[in-house]
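**Student:** Below are the structure tokens for one structure; questions will follow.
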Amino acid sequence: MAGNTNQVGVSVTSRVLAVLGTFDVRHPSLSLTEIARRAGIPITTVHRLLSELEKWRAVERGPDGRYRIGLRLWELGSLTSARTRLREVALPYLHALHEATRAQVFVAVADEGDVVYVERFGAAGPPWESAPRLPVRQPMEQSAAGLALLAYHGRDHEPRPLGRTHSAALAELLRRARRQGCVVLPDAADRGAVNIAAPVLGGNGHAVAAMGLSVRSPQRAERWREPLLSATSGMQRTLLGRGEDMVAAQPAAVFGASG
């Protein structure tokens, strides 16, 4: 939640960022009142800011009157150079994986303790149609892609403060991921779905991305383990062949330099 910006001397830019910061994976859709409360800004000010943001397509308002992040911000986010190049490298392997499995496939990267899906398509439509609400952000410890990234980060790391029991369970999941080369986990955002993800390693041996797929049963996930590992190996070779270590250096920036 954004900090309280209802104080003298706070800039318009800070208020706009506070409004945008009220949206997250748990709150993709918010009412005017909810945004004002979460941002700590008066409703009249929030209404004015939202009107400007809506004109610029940074937010959009649905028939229910609730606000959502707009396509303009997604378009700007897609210009991030490292992630754009990573997505370009991943796409041929994602298409091949989709053709082999007919499942929804994805590639994701780490960002400040979360995992962000930079591309995802498949079961909901033709393979060239991206899922409509990308990027999607999830806590790393709650997703197969996040655990695959954590397992091959190269140093012990807890994405968030966890209790002793949860820490032990996370450590065991990471050990299993390193043994098997992939992670199978129920999808926290889609009841009934199971995700399987594997890391894409950079030149330093750390995970720079995770590739995976979403299916409806653990048996199907295990069936597609080898095609997934083949796809991630191919993507790794392409990245290394192109000298794309701009993403291999990313984990240190994401997780911090201390170990």
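The values are calculated or read from the model by the stated rules, or taken from the named source; none is laboratory data. Bear in mind that the values here come from a model prediction, so they are computed numbers and not experimental data. All Cβ positions, glycine included, derive from the backbone under ideal geometry; neighbour counts span all protein chains shown. What goes into the accessible areas is simple: the full protein's heavy atoms, side chains included, and nothing from ligands, DNA or RNA. Shrake-Rupley method; radii C 1.70, N 1.55, O 1.52, S 1.80 Å.
**Student:** Please say if the range 8-69 is rounded, prolate or oblate, where rounded means a/c under 1.5 for a ≥ b ≥ c the square roots of the C-alpha gyration tensor eigenvalues, and otherwise the choice is prolate for a/b larger than b/c and oblate otherwise? Could the numbers behind the result be given before it?
**Tutor:** Working: a/c = 1.64, a/b = 1.40, b/c = 1.17.
Prolate is the answer for the range 8-69, as a/c is 1.5 or above and a/b outweighs b/c.
**Student:** While we're on this one: In whole percent, how big is the carbon plus sulfur part of the accessible area of the range 22-73, probe 1.4 Å, protein atoms only?
**Tutor:** On the way: 1600 of 2930 Å².
It is 54 percent, rounded to a whole number.
**Student:** In square angstrom, rounded to the nearest 10, how much accessible surface does residue 224 have for a 1.4 Å probe?
**Tutor:** 40
**Student:** Mind ordering 209-222, 90-103, 19-32, 139-152 by average Cβ neighbours within 10 Å, highest first? List each step's numbers first, then the result.
**Tutor:** Working: 209-222: 21.6, 90-103: 19.1, 19-32: 15.7, 139-152: 25.4.
Ranking the peptides 209-222, 90-103, 19-32, 139-152 by packing returns 139-152, 209-222, 90-103, 19-32.
**Student:** So how do 175-184, 110-119 stack up, highest first, on mean other-Cβ count within 10 Å?
**Tutor:** Numbers: 175-184: 17.3, 110-119: 20.3.
Highest-to-lowest ranking by the protection proxy: 110-119, 175-184.
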